[in-house]
Amino acid sequence: MTTKTRGRGTLKSVNGKFDITVNINGKDKPLQVSAGEYLLDALRREGYKGAKRGCDNGDCGTCTILLDGKPALSCMMFAAQAHGRKVVTIEGLGAPDRPHPIQSAFAEAGAVQCGFCIPGMVLAAKALLDENPDPDEAQARRALDGNLCRCTGYVKQIEAVLLAAKKLQTTGKGGKR
Amino acid sequence: MKNNITRFCFPTTAREAAGLMARLGPRAVTVAGGTRHTRTISPTVETVVDVSDLPLKHIKADKAGLRIGALCTIDSLEKSPLLARWAGGVIARTAGMGSNALARVMGTVGGNVVRPHPYNNLPAVFLALGAQAVFTDGKREKTMPFAEMLAGQNMLLFGHKHLLTEVRVPAATKSWAACAERLSLTKSSWGSYAQVVVALDLKGGVIRKAAIAVSAVLPKAARMTKAEWVLEGRPANEEAAREASAEVVEELDRMTAGSASRAYGRHTAGVLTRRALMEAFGSRP
């Protein structure tokens, strides 16, 4: 049950459930979420499996999404808090047959081993490149310092971010869009 | 999974938010960045007051000084050109020391200063710069020195009866030399073993005023007043830095230890004080 006053108003639960609307990957999607359900759980239940459950404590970054264009830890916010906001998951960035230049760069740079952390890293990289289309290595490292990888030493991922920056500049798709 | 929440409110004004908190008392909790809060909410809470829509995301300066909205993210402090020029950029650099990129983008100034974690990085820098906390109870706005806000009985009110709206930093500190030092497991660690912020009013190589704030080794950030007295009126040199750091160690010895062992915490804070002072001396000789 949604009672709109000003802004996003007030959400009241009915039988422990909240009806919310979240713009996910460009489409408004009505969701029914439980009280206290985290956004990560709601997204995965709805089929957005790219956001991964890792630490459940905001430390590993595998659950990273973009919330209103900024990277956010979906395990650290209630699903109801996303009501009226824009969420981008890895599924909204590209597809296997039409990968986003950042996804292509990760593949070309050999930055993917088990792949578990990669959706979060790609989205963190997207947020960086939207804000700073030409980052240096230190800036790329800093932007990804919340995304843990247990397979690699991060070298390839940083190379991938810098390669993605070049790709986006070449294709004229750099910067916020 | 917490199934006891029956309402999410998204107020658009601080007065509205504070009014809700006052009316609902312990049955409500405020959430902004939520980097830790959403995982630690009490089972008695029925209403979540999400304050992230409030217009408190400003960083600006006027004649009185710097005004930082409580909903500024840690990341926005780190990237602010205005803060990069204020007191040697110490606020921006301290913001950049805290945790990882994702937590800095989500975490807010308000959450960092009113949540009583001893290792939160912003209380020490605001304390050293003599900041004031501006808050509302839903009826009127009040201002209180930061040091007073950090006192136990006042901290209990924030997030329940009081809503922090702004942090004000005095204009005089703009030209101060300041530096922050932190020891943590890694650069991206959430917590620190010790953190020291020094802020100095220097003229002609002489320390006119000194502020040293220490956190992480104490339950909450505190000023090291005796070490400040050691510095005031003296030339900014290594001898002064050494004596002040020794005084910090002694002063900490008289206080309760926080997250690190007492001896290690004291020693570390002393080393960080000397380093921070030397850097501050060098940045504005």
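Taken together, the values in this text are just the output of simple stated rules run on the coordinates, not laboratory data. Owing to the predicted nature of the structure, the values given are computational and were not obtained by experimental measurement. Positions of Cβ are generated from backbone atoms using ideal geometry, with glycine treated the same way; all protein chains shown enter the neighbour counts.
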| query | Label point 7 Å out from B:Glu232 along Cα-to-Cβ: which residues of the range B:130-152 have amide N under 15 Å? | reply | B:130
| note | Too long for a 20 Å Cα-Cα cut-off, among A:Lys12/B:Lys161; B:Lys174/B:Lys209; B:Lys79/B:Lys174; B:Lys60/B:Lys174, are A:Lys12/B:Lys161
| query | In whole Hz, what ³J(HN,Hα) sequence does the range A:129-134 give by Karplus (6.51, -1.76, 1.60; θ = phi - 60°), x for Gly and Pro? | reply | 6, 5, 8, 9, x, 10
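Below 8 Å between Cα atoms, with a sequence gap of 6+, how large is the relative contact order for the range B:43-179 in percent? Mind showing how you got there, number by number?
Numbers: 228 pairs, mean separation 39.1, N = 137.
Relative contact order here is 29 percent.
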| said: Once R0 is set to 30 Å, what does the formula 1/(1 + (r/R0)^6) return for the Cβ-Cβ distance between A:Gln32 and B:Lys57, expressed as a FRET efficiency to the nearest 0.05? | reply: 0.45
| message | With a 10 Å cut-off between alpha carbons and a GNM built on chain B, which of B:Pro235, B:Pro55, B:Pro43 moves the most? | response | B:Pro43
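Local charge sum around A:Gly50 (other residues, Cβ-Cβ under 10 Å, Lys/Arg +1, Asp/Glu -1)? Please list the in-between numbers first.
Details: positive: A:Arg44, A:Lys49, A:Lys52; negative: A:Glu91.
Neighbourhood net charge equals +2.
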| Nearest 10 degrees, 0 to 90: helix B:14-24 Cα axis against chain B principal axis | 70
| Dipole of chain A, positive end: most advanced residue of A:Leu66, A:Gln32, A:Leu168 [Cβ charges, Cα centre] | A:Gln32
| field | Inverse of mean 1/r across different Cα pairs in the range B:176-283, Kirkwood, Å | value | 13.4
| task | Would you please give the residues with an amide H less than 5 Å from that of A:Val22, counting only those at least 5 places away or on a separate chain, with H modeled from the backbone geometry? | result | A:Lys29, A:Leu31, A:Gly84
| Non-local amide H neighbours of B:Gly107 (under 5 Å, H modeled in plane, Pro and chain starts lacking H): which ones? | B:Ile74
| chain B: relative contact order in percent, alpha carbon pairs under 8 Å with at least 6 residues between | 16
| field | Whole-number percent relative contact order across the range A:2-91, with pairs defined as alpha carbons under 8 Å at least 6 apart | value | 30
| note | Mean-square fluctuation maximum in Gaussian network of chain B, Cα pairs under 10 Å, restricted to B:Ala240, B:Ala177, B:Ala124, hits B:Ala240
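Could you size up the charge dipole of the range B:184-285 around its Cα centre, putting +1 on the beta carbon of Lys and Arg and -1 on that of Asp and Glu, and report it in debye to the nearest 20? Mind dumping the intermediate values first?
On the way: 15 positive and 11 negative charges, 49 e Å.
Computed charge dipole of the range B:184-285: roughly 240 debye.
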| Rg followed by Dmax, in Å, when chain A is reduced to its Cα trace | 16.8, 53
| said: Order these by the 10 Å Cβ neighbour count, fewest first: B:Glu16, B:Glu46. | reply: B:Glu46, B:Glu16
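Neighbouring Cβ atoms within 10 Å as the yardstick, rank A:Thr89, B:Thr12, B:Thr225 fewest first. Could the numbers behind the result be given before it?
On the way: A:Thr89 22, B:Thr12 16, B:Thr225 13.
So the residues, fewest neighbours to most, are B:Thr225, B:Thr12, A:Thr89.
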| field | Convex hull volume per residue in cubic angstrom - Cα atoms of the protein assembly as shown | value | 148
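Sum up the charges of everything whose Cβ sits under 15 Å from the Cβ of B:Cys72, counting Lys and Arg as +1 and Asp and Glu as -1, but leave B:Cys72 out.
On the way: positive: A:Lys70, B:Lys57, B:Lys60, B:Arg67, B:Lys79, B:Arg104, B:Arg168; negative: B:Asp53, B:Asp75, B:Glu78, B:Glu166.
Cβ neighbours under 15 Å give a net charge of +3.
Roughly how many debye, to the nearest 20, is the charge dipole of the range A:8-112 about its Cα centre, given +1 on each Lys and Arg Cβ, -1 on each Asp and Glu Cβ, and no other charges?
Details: 14 positive and 11 negative charges, 58 e Å.
Value, rounded to 20: 280 debye.
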| remark: On each of the three principal axes the extent of the alpha-carbon atoms of the range A:101-170, given in whole Å and largest first, is 29, 22, 17
| query | Between the range A:13-46 and the range B:34-80, what is the C-alpha centre distance in whole Å? | reply | 24
| query | When the Kirkwood radius is taken over all Cα pairs of the range A:2-91, what Stokes-Einstein diffusion coefficient follows at 25 °C and 0.890 mPa s, in µm²/s? | reply | 187
| request: Report, in deg cm²/dmol and to the nearest 500, the calculated mean residue ellipticity at 222 nm for the protein assembly as shown, where each DSSP H run with n ≥ 4 adds -39500 (n - 2.57) and the sum is divided by the residue count. | output: -9500 deg cm²/dmol
| Which of B:Val271, B:Ala171, B:Gly138, positive extreme of dipole for the range B:126-275 (C-beta unit charges) | B:Gly138
| task | Would you kindly calculate the translational diffusion coefficient of chain B, applying Stokes-Einstein with the Kirkwood radius from alpha carbon pairs, for 20 °C and a viscosity of 1.002 mPa s, and quote it in µm² s⁻¹ without decimals? | result | 112
| request: About the Cα centre of the range B:7-50, how large is the charge dipole given +1 on each Lys and Arg Cβ and -1 on each Asp and Glu Cβ? Please answer in debye to the nearest 20. | output: 80
| field | Fluctuation leader among B:Ser99, B:Ser188, B:Ser245 - chain B, Gaussian network, Cα springs under 10 angstrom | value | B:Ser188
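Kindly identify the range B:7-50 as rounded, prolate or oblate by the Cα gyration tensor criterion: order the square roots of the eigenvalues as a ≥ b ≥ c, call it rounded if a/c is under 1.5, otherwise compare a/b with b/c, prolate if a/b is larger, else oblate.
Details: a/c = 2.26, a/b = 1.30, b/c = 1.74.
Here the range B:7-50 falls in the oblate category.
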